[in-house]
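Structure, as structure tokens:
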Amino acid sequence: MKKTIQTIVLAALCLFLSSAARAQTAALKIGDQVPDITINNIINYKSSSAKLSDFKGKLLILDFWSTDCHASIELLAELARLQQAFPDKLKIITVGKGEKDEVKRITSPKGLSALSLIASDSLLNSLFPHYLFPQLVWINPELKVLGITTAYDANEATIQKILDGEQVVFKDPKADRMDYNPDKPLFSNSDGGESQDLYHSVLKAYTNGLPGELGIRKDSSRIRIYAANQGRLSLYFMALNLPMYSWPLNRIIYQNVASDKFRISNRAEEKQEKAYCYELDLPLFFEDRARAIMLQDLQRLFGTGARIEKRNTLCYVLSTTPGKLKLQSSGSETENNFQSAITVGKFMNNSPLFSLLDYLEQIPGSLPVIDETGFTGRIDLQLNNNLQDIPALNYALLKYGLQLQRAERAIDMLVLYSMDSAPAASLIKP
């Protein structure tokens, strides 16, 4: 499960309603006619303003995105590609949450000239309220709302079906719960009031409209562990107090347990079966035992036990070459291009060795990577093009006095094991 750092931004927008449209500010639903609003301060358009009726006859997609959502930034490039694929029949307008200057700073280097950009606006947000980003609003050529979805449905096949007049069933419709508040119980009280239960624990299926998040909240009297729309693996990470989203998959042992139940490969298609909402609410004097109680819940409900134990495991061990160590940093901006599609010249600047080792360990099918250099500073590295090619990587590391070697080490492994031998082992279908 890879760490994800979420960041993004967009431009400034002023909206202007005609007197006829001004009255309609209630949230729109599928099938509703969209009011003919005027959009001002458009970036990357033939003029700085336009009415929505100017796009009548085209499929119109409004992309709501946020300055703190990395997935939204990644989607912009794909939307630009789709806009270029259907230049005459499709219009995509991105509605960002952020200041105009910041939008330009982020979007200009990405070559998104095909996209028309505007900034967040209270009217558009009231017409199409949302809590989670990105959100796509699909508006047909007659300016009626076709659907409201996540990014999953943004593809050529879906667009072509709509343009061909075919009926489309969106695979990942979206309807955010605008009343969601992580500081209040998820399910124990529908009115959001303080729980009066001495002990409260609940597991529910995927709940549409809730964000995918989890955490711990406490006040002067109670502690609450909550998880909204999370896979089983994330729930066990929380119960065992493991680093969320950064525990490498190659450090997990599935012992008589079906691993596919713990992995969500395609969230849009698998979330109904593999994502859950969980809540545990306890008096504060249970704080030291709260995670252990959560683990007991999971073991009982899923029939799967979990523990951390030392196992002798084949690894890559990073070590130094005596007398040849040359590790230094120019002190420039901390960065690397390990995740970039660029195939020439992988590098990292002013970064700890962990940045490289973490990337290597997250490669599907890779071995665990152990650092035995003892080096704790920051360094610059110029590496080979394909970091999965260990011999080539070792050749690049040689000039820095570093080397990767296969060896066996006793390391911490997460062991997920079947509890079928225990009575009433599982209440959820294994």
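The values are calculated or read from the model by the stated rules, or taken from the named source; none is laboratory data. It should be emphasised that the depicted structure is a prediction, and the values quoted were computed from it without experimental measurement. Positions of Cβ are generated from backbone atoms using ideal geometry, with glycine treated the same way; all protein chains shown enter the neighbour counts. The accessibility values were calculated without ligands, DNA or RNA, using every heavy atom of the protein model including side chains. Shrake-Rupley method; radii C 1.70, N 1.55, O 1.52, S 1.80 Å.
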Counting only residues that are open to solvent by 50 Å² or more (accessible area, probe 1.4 Å) and of a type in the set (A, V, I, L, M, F, W, C), how many does region 310-347 have? 5
Top-ranked residue in region 51-77 [being modelled with pLDDT of 90 or more and part of a strand (DSSP E or B); ranked as surrounded by the fewest Cβ atoms within 10 Å (Cβ to Cβ)]: K51
Condition first: open to solvent by 20 Å² or more (accessible area, probe 1.4 Å), farther than 23 Å from S246 by Cα and touching a residue at least 60 places away in the same chain (Cβ under 8 Å). Now tell me which residues in region 383-404 satisfy that. L398, K399, Y400, Q403
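Tally the residues that are among the polar types (S, T, N, Q) and either assigned to a helix (DSSP H, G or I) or touching a Ser or Thr at 6+ places or on another chain (Cβ under 6 Å) (or both), restricting the search to region 379-399.
2
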Selection from region 139-162 of residues that are buried (at least 16 other Cβ atoms within 10 Å of the Cβ) and of a type in the set (A, V, I, L, M, F, W, C): I139, L143, V145, L146, I148, A151, A154, I159, I162
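Keeping to region 270-287, report how many residues are part of a strand (DSSP E or B) and either closer than 14 Å to V415 by Cα or not aromatic (F, W, Y) (or both).
Kept after step one, since they are part of a strand (DSSP E or B), are these residues of region 270-287: 275-283.
Filter once more, so that each one left must be either closer than 14 Å to V415 by Cα or not aromatic (F, W, Y) (or both): 275, 277, 279-283.
The qualifying residues number 7.
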How about region 117-228: which strands (runs of 3 or more DSSP E) wholly inside it have at least 2 residues that are out of contact with any Pro (no Cβ under 6 Å at 6 or more places or on another chain) and without any contact (Cβ under 8 Å) to a residue 60 or more places away in the chain? 213-218
Name the pairs whose Cβ atoms lie under 7 Å apart, with the first residue in region 75-90 and farther than 18 Å from K56 by Cα, the second of a type in the set (V, I, T) and part of a helix (DSSP H, G or I), and 6 or more positions between them or separate chains? L76/T107; L82/I159
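Hey, does region 248-269 have a residue that's within 30 Å of L360 (Cβ to Cβ), among the basic types (K, R), open to solvent by 70 Å² or more (accessible area, probe 1.4 Å) and part of a loop (DSSP other than H, G, I, E, B)? Spell out the reasoning first.
Restricting attention to region 248-269, the residues satisfying the condition of being within 30 Å of L360 (Cβ to Cβ) are 248-269.
Restricting the remaining residues to those that are among the basic types (K, R) gives 251, 261, 263, 267.
If we keep only those that are open to solvent by 70 Å² or more (accessible area, probe 1.4 Å) as well, we get 263, 267.
Add one more test, that the residue is part of a loop (DSSP other than H, G, I, E, B), and what stays is 263.
Yes.
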